[in-house]
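Q: Please see the structure below; I have some questions.
The values are calculated or read from the model by the stated rules, or taken from the named source; none is laboratory data. Quick caveat: nothing in here was measured; it's all calculated off a predicted structure. Heads up: the accessible areas ignore ligands, DNA and RNA and are worked out on the full protein's heavy atoms, side chains in. Shrake-Rupley method; radii C 1.70, N 1.55, O 1.52, S 1.80 Å.
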Amino acid sequence: MHFKIRTRPDGKFVEGICRGAVTGVSMVEAIAEMRLVDGYSDGLDALWDFREADLSTLSVEDMKLILDYMEQTPKRRSVRIAVLVFKDADFLLLKLWRAVSRSRYGQTTNVFSSHDEACHWLEESRTPDD
């Protein structure tokens, strides 16, 4: 997987753009790279863009590897994660991730197909439930 980080001038969130075949190892590497962004580990919201990524080979073992890695790193509670996807099959996989991330990590994750909608959601004011 090719991974690129795009910081935003307003500093409200950071974008991680994923392209190509996604594996557990490539996601762990991407998460580690995101953690180097100023503020990310302290709760900066994020947009993960998978529109040009291939999630079709992501296995249960890959998901376990990602979860194990996240269990070993400091929790980013009370953050909002927007996940951007293009294909319907990816929606199902990432909706499962949304449920796991909420219950295990206290993160609010939403899945979008529109970049504008994802950005708007991250930019809007938080409510007490977020």
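Q: Express in Å², to the nearest 10, the accessible area of Thr7 obtained by rolling a 1.4 Å probe over the protein heavy atoms while all chains stay in place.
A: 90 Å²
Q: Could you derive backbone 3J(HN,Hα) for the stretch 8-13 from the dihedral phi with the Karplus parameters 6.51, -1.76 and 1.60 (θ = phi - 60°), listing whole Hz in sequence and x where the residue is Gly or Pro?
A: 9, x, 7, x, 6, 7
Q: Sorting Asp49, Asp38, Asp62 by accessible area (1.4 Å probe), largest first, what list results?
A: Asp38, Asp62, Asp49
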